[in-house]
Amino acid sequence: MRMAKRIFVAGHRGMVGSAIVRRLQQQGDVEMLTATRDELDLLDQAAVHAWFQQRQVDQVYLAAAKVGGIHANHEYPAQFIYENLMIEANIIHAAHRAGVRKLLFLGSSCIYPKHAEQPMREEALLTGTLEPTNEPYAIAKIAGIKLCESYNRQYGRDYRSVMPTNLYGPNDNFHPENSHVIPALLRRFHEAREAGAAQVVAWGSGSPMREFLHVDDMAAASVFVMNLDDAVYQAHTQPMLSHINVGTGVDCTIRELTETVARVVGFDGGIVWDTTKPDGTPRKLMDVSRLKALGWQASIELEAGLRDAYRWFLDHQDDFRG
């Protein structure tokens, strides 16, 4: 009789997926299943179905997605909505057909309306217009939540969804043009320090507030939510409002973040704010009271997390040259 849980992590090479793999490998009762893009094309419905039929999967972590920054979302909206819809639909339906009862879908905070009240509560979903720059991606992520809820309602599955805030950490994207704010700042201050620059120019006023969660905390929260007792999970959610926010519940200004990054990297020059550049949304903070009530909260402080991310960058910076 097979004792270990057979767990498939879709998207195991990405930042979140790789963190979930690391977390699960700490457990002794897990048999990991992964598949590279060459081994399994998640856009191919027949291939995904066959893959699941050939393996006795107990749990699925659906961390696979097409992701990118503002520029990529603006330039390739059709790819972002199509590929994300297909990935989640193929995996969720194939998992159901193969008899997989437990699945965790990873979404994004961009599912919430552009002008959602802060901090953003789960109940804000579908109450307003989305941010136009990433609407196709957000629509796909909302569809993923509703796929899970629909299979639960019709077939009695236990498919759950978690919505992370801004993530950072090992395996982040440090590309000079299309990385997010933390890897971009870490790289910029590192290169300024290496070059002996007197100052670094930062965009905007530094006043917008953002929340950041280390990816290892996200992985811990994901495993926690997946393994919650059914009765406990259902007591804190609703059949058609079942997703759970994951964040720290604490935000900081971009100015505070930038100064912390400079300290972590060891850059002792000046920081100049280019106020001709846009600030973006004044604040984006997740309400994490539902997750706290279930018994989990983040444990990695921002500066400690930034130091970990910077160490990873130093170990892998040759991969990001160019």
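Assorted remarks:
- With respect to the conditions (1) over 23 Å from the mean Cα position of the chain (by Cα); (2) crowded, with 20+ Cβ neighbours inside 10 Å, A231 lacks only one, and its number is (2).
- Every test in (1) in contact with a strand residue (DSSP E or B) (Cβ under 9 Å, 6 or more places away or on another chain); (2) buried (at least 20 other Cβ atoms within 10 Å of the Cβ) is passed by H190 save one, and that test is (1).
- Among helices (runs of 4 or more DSSP H) entirely within the stretch 226-322, having at least 2 residues that are charged (D, E, K, R) singles out 254-265, 289-294, 302-316.
- Looking only at the stretch 159-181, and only at residues there that are of a type in the set (A, V, I, L, M) and at pLDDT 95 or above, the one that is farthest from Y310 (Cα to Cα): V162
- Filter result for L24 (assigned to a helix (DSSP H, G or I) and either surrounded by 15 or more Cβ atoms within 10 Å (Cβ to Cβ) or not aliphatic (A, V, I, L, M) (or both)): yes
- Of all residues in the stretch 111-145 being free of Cβ contacts under 8 Å to residues at least 24 places away in the same chain and β-branched (V, I, T), the one that is surrounded by the most Cβ atoms within 10 Å (Cβ to Cβ): T127
- When the stretch 307-322 is limited to residues that are touching a Leu at 6+ places or on another chain (Cβ under 7 Å) and among the hydrophobic types (A, V, I, L, M, F, W, C), the one that is nearest to A220 (Cα to Cα) turns out to be A309.
- The strands (runs of 3 or more DSSP E) falling completely within the stretch 135-221 that include 2 or more residues that are farther than 25 Å from K114 by Cα and in contact with a Leu (Cβ under 9 Å, 6 or more places away or on another chain) map to 158-164.
- Of all the residues in the stretch 31-90, those that are surrounded by fewer than 17 Cβ atoms within 10 Å (Cβ to Cβ), acidic (D, E) and in a helix (DSSP H, G or I) number 1.
- The stretch 206-228 - residue that is within 27 Å of V272 (Cβ to Cβ) and in contact with a Lys or Arg (Cβ under 8 Å, 6 or more places away or on another chain) and, of those, surrounded by the fewest Cβ atoms within 10 Å (Cβ to Cβ): S207
- Where a residue in the stretch 66-81 is within 21 Å of R37 (Cβ to Cβ) and its partner, wherever it lies, is part of a helix (DSSP H, G or I) and charged (D, E, K, R), with Cβ under 8 Å and at least six apart: K66/E83
- Among the residues making up the stretch 304-322, those that are farther than 24 Å from F224 by Cα and surrounded by 12 or more Cβ atoms within 10 Å (Cβ to Cβ) are R307, Y310, R311, W312, F313, H316, Q317, F320.
The values are calculated or read from the model by the stated rules, or taken from the named source; none is laboratory data. What you see is a predicted model, and the numbers here were worked out from it, not measured in a lab. Neighbour counts run over all protein chains shown; Cβ positions are idealised from the backbone, glycine included.
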